[in-house]
Amino acid sequence: MDSSSIVGNKNDGKIVIRFSPDDIEAWADFIPPQDGPLGSGLPISNDYLLAQLELLNIKHGIHWDTLRDTALRCNLDRIRIQNVLIATGSPPVKEIIEYFELNPHLAGEKKPVADKKRNDQIDYRSFSPFTIVHKDQVLAVKHPHVPGQEGKNVHDAVIPFGVKQVEGVTAGEHTRVTEKYIIAEINGQLINDHRVLNVREDLEIKGSVGYATGNIVFPGDITITGAVSDGFKLYSGGSVTIKQTLDVTEVVAKGDLNVSGGIVGRGRAYLKVGGFLRTKFIQNCKVACRKTMIVDSEIINSNIFTMHTLEMGEKGMILGGEVYAIHGITAGGIGKDAGKATHIHCGIDFTLQNEKEKHNAALRLLAAKLAKLREIMANPDAEKQAKLEDLLHRLETEQKKTSARIGDLMGRINADENAVVEVDGEIAPGTLIEICEFALFVSEPLKHVRVKLDKLGGRIISEPL
């Protein structure tokens with residue numbers, strides 16, 4: 001709506017008022033008085049302004065100071081002043097229905113883009129598309145109900161408020177709702193399925209592990225339908241199933257590991273399994289397993305540690321490397337002519353053996369320190385003698401404690417005197433077999449044999465299967 005009502009002479013100063021579409025604002029153009037044949041027009045007066053406001057029913061939110069100051073400037077400077085906001089209504093405030101908003105820290109992390117000019121080095125393997133949450137972690141925060149508030153336009157007419165529906169999230173599987181939050185009930189992967197928050201106990205990767213997935217760190221079970229590429233790390237608080245090949249850089253599974261393909265290691269590859277392990281083959285890798293290891297075909301140039309047994313297929317071969325299996329080994333063959341020597345260790349708790357070796361190293365260091373200290377004390381210094389004697393006493397005490405620990409470990413290292421090595425095929429010459437710290441060096445081929453400890457004779461013997 002526009003207004004150009006003029007009171008009196010056409011040369012008088014005046015204002016032209018217009019409104020926004022919803023009448024929430026009123027704007028004015030100020031036109032100065034003009035000179036004419038009959039003399040100058042009248043200036044814009046306060047009475048004129050009041051008359052115009054009353055004429056156009058402007059009652060609410062009037063900017064009185066702006067009106068008066070602009071009119072005075074227009075009169076004095078004889079200039080046209082346009083688009084002056086002279087009244088503002090009170091806009092309504094929408095009612096907001098309560099809703100849960102996803103925790104912004106769980107919205108996902110975008111992979112950065114390297115700046116070639118700065119020669120940025122970004123390890124994209126450290127970025128993951130999966131959102132992992134922990135038990136009792138806040139998944140969403142409730143925004144409470146906000147009541148609506150009516151507004152008024154510049155004519156003092158009521159403007160009703162609307163209702164704002166915010167699209168929030170809702171609680172799904174393995175979550176719980178409190179007065180203020182949606183909370184995870186378990187450790188797992190957060191899935192936002194059409195704004196329903198679910199926490200899955202397992203992680204399924206439909207494809208391979210590579211730059212698209214980054215390193216995998218997950219508190220539960222993991223299933224990977226593809227392969228695991230070299231250079232990527234995998235950590236699981238549960239069991240891991242891999243449908244193709246596992247290219248090991250660093251893999252830790254608290255539960256079982258089942259690899260349908262084989263296990264390949266490069267460089268310092270390391271694999272640690274807290275449960276059972278089953279795979280087709282193992283190559284150039286260090287593997288530690290708490291329970292039974294089942295390998296169908298070959299173990300090649302690898303260091304194998306199992307707290308239980310190693311079971312190979314009927315034609316399963318152990319070629320090179322070292323194998324520690326506390327309760328024994330069954331295999332199709334061990335070693336090969338002119339190949340890298342294979343060492344087999346059974347009946348020994350290798351964890352205690354490693355601990356013993358650490359204490360032996362510490363004992364050698366203590367012996368060297370004591371020798372050096374006694375050499376210094378051979379030329380006594382009265383001022384330092386008391387300190388040297390105190391240090392000597394502490395080193396000798398530590399030496400006795402370390403020796404006692406080694407003695408205790410020696411009595412427990414032999415974990416299974418009944419451990420056996422059974423080979424359906426051949427044990428090649430050059431193979432070394434140890435059972436409970438007794439050794440057998442194979443100089444001639446042994447075929448279809450069981451190797452075990454003769455406790456009475458204090459030696460290792462072989463007998464036909």
*Return the only residue of ILE326, ILE263 being surrounded by 20 or more Cβ atoms within 10 Å (Cβ to Cβ) and under 21 Å from SER462 (Cα atoms).*
ILE326
_I'd like to know if segment 27-50 contains one or more residues that are at pLDDT 90 or above and under 60 Å from the mean Cα position of the chain (by Cα)._
yes
*Within segment 363-405, which residues are closer than 24 Å to LEU352 by Cβ and of a type in the set (D, E, K, R)?*
ARG364, GLU398, LYS400, LYS401, ARG405
*Filter segment 154-173 down to residues that are surrounded by 13 or more Cβ atoms within 10 Å (Cβ to Cβ) and closer than 14 Å to LYS94 by Cα, then give me how many there are.*
3
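When you check LYS336 against the structure, is it under 27 Å from VAL240 (Cα atoms), buried (at least 17 other Cβ atoms within 10 Å of the Cβ) and out of contact with any Cys (no Cβ under 6 Å at 6 or more places or on another chain), yes or no?
When the stated conditions are applied, LYS336 does not pass them.
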*Any residue in segment 130-145 that's acidic (Asp, Glu): show its pairings with residues that are surrounded by 18 or more Cβ atoms within 10 Å (Cβ to Cβ) at Cβ separation under 9 Å, as long as the two are six or more apart or on different chains.*
ASP136/ILE183; ASP136/ALA184
_For the condition over 22 Å from HIS155 (Cα atoms) and either at pLDDT 95 or above or out of contact with any helix residue (DSSP H, G or I) (no Cβ under 9 Å at 6 or more places or on another chain) (or both), what is the one hit in ASN57, ASN75?_
ASN75
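Condition test on ILE96, is it in contact with a Lys or Arg (Cβ under 6 Å, 6 or more places away or on another chain) and either farther than 30 Å from GLU150 by Cβ or surrounded by fewer than 17 Cβ atoms within 10 Å (Cβ to Cβ) (or both)?
So ILE96 passes the test.
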*So which residues in segment 429-455 are within 47 Å of the chain's Cα centre (by Cα), among the aliphatic types (A, V, I, L, M) and either buried (at least 18 other Cβ atoms within 10 Å of the Cβ) or farther than 15 Å from CYS346 by Cβ (or both)?*
ILE433, ILE435
*Would you mind listing the strands (runs of 3 or more DSSP E) fully within segment 157-271 where at least 2 residues are out of contact with any Cys (no Cβ under 6 Å at 6 or more places or on another chain), touching a residue at least 40 places away in the same chain (Cβ under 8 Å) and not aliphatic (A, V, I, L, M)?*
188-193
*Looking at GLU396, is it over 44 Å from the mean Cα position of the chain (by Cα), modelled with pLDDT of 80 or more and more than 30 Å from GLU311 (Cα to Cα)?*
yes
*So which pairs qualify, if the first residue must be in segment 27-47 and closer than 12 Å to VAL16 by Cα, the second must be part of a strand (DSSP E or B) and of a type in the set (Val, Ile, Thr), the Cβ gap must be under 6 Å, and the two must be at least 6 apart or on different chains?*
ALA28/ILE15; ALA28/ILE17; ALA28/VAL84; ALA28/ILE86; ASP29/VAL16; PHE30/ILE15; PHE30/ILE81
*Determine, yes or no, whether VAL323 is hydrophobic (A, V, I, L, M, F, W, C), under 21 Å from VAL228 (Cα atoms) and within 35 Å of the chain's Cα centre (by Cα).*
no
*Among LYS387, LYS372, LYS358, which is the only one that is of a type in the set (Lys, Arg) and either within 30 Å of GLY458 (Cβ to Cβ) or surrounded by 15 or more Cβ atoms within 10 Å (Cβ to Cβ) (or both)?*
LYS358
*Looking at this structure, is SER302 polar (S, T, N, Q) and surrounded by 18 or more Cβ atoms within 10 Å (Cβ to Cβ)?*
yes
*Where ARG290 falls short, out of the listed (1) touching a residue at least 24 places away in the same chain (Cβ under 8 Å); (2) under 22 Å from ASP247 (Cα atoms)*: (1)
*asked:* Would you confirm, using the coordinates I've provided, whether VAL228 is buried (at least 20 other Cβ atoms within 10 Å of the Cβ), closer than 22 Å to GLU201 by Cβ and of a type outside the set (Phe, Trp, Tyr)?
replied: yes
_Check on ILE191, modelled with pLDDT of 95 or more and either aliphatic (A, V, I, L, M) or loosely packed, with under 14 Cβ neighbours inside 10 Å (or both)_ = no
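Could you look through segment 281-298, keep only residues that are in a strand (DSSP E or B) and not aliphatic (A, V, I, L, M), and pick out the one that is farthest from GLY313 (Cα to Cα)?
The extreme case among them is LYS286.
Table: residues versus (1) over 25 Å from VAL133 (Cβ atoms); (2) at pLDDT 95 or above.
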position	(1), (2)
TYR211	no, no
GLN244	yes, no
ASP247	yes, no
VAL295	yes, yes
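Identify, from the list ALA114, ALA140, the residue that is assigned to a strand (DSSP E or B) and either at pLDDT below 95 or surrounded by 17 or more Cβ atoms within 10 Å (Cβ to Cβ) (or both).
ALA140
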*Can you tell me which residues in segment 226-277 are of a type in the set (D, E, K, R), within 18 Å of THR306 (Cα to Cα) and more than 20 Å from the chain's Cα centre (by Cα)?*
ASP256
*Does LEU319 satisfy the criteria of being modelled with pLDDT of 90 or more, of a type outside the set (D, E, K, R), surrounded by fewer than 21 Cβ atoms within 10 Å (Cβ to Cβ) and in contact with a Lys or Arg (Cβ under 8 Å, 6 or more places away or on another chain)?*
yes
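The values are calculated or read from the model by the stated rules, or taken from the named source; none is laboratory data. Given the structure is predicted, the values throughout are model-derived calculations rather than measurements. Because the Cβ atoms are built from the backbone with ideal geometry, glycine has one as well, and the counts that use them run over all protein chains shown.
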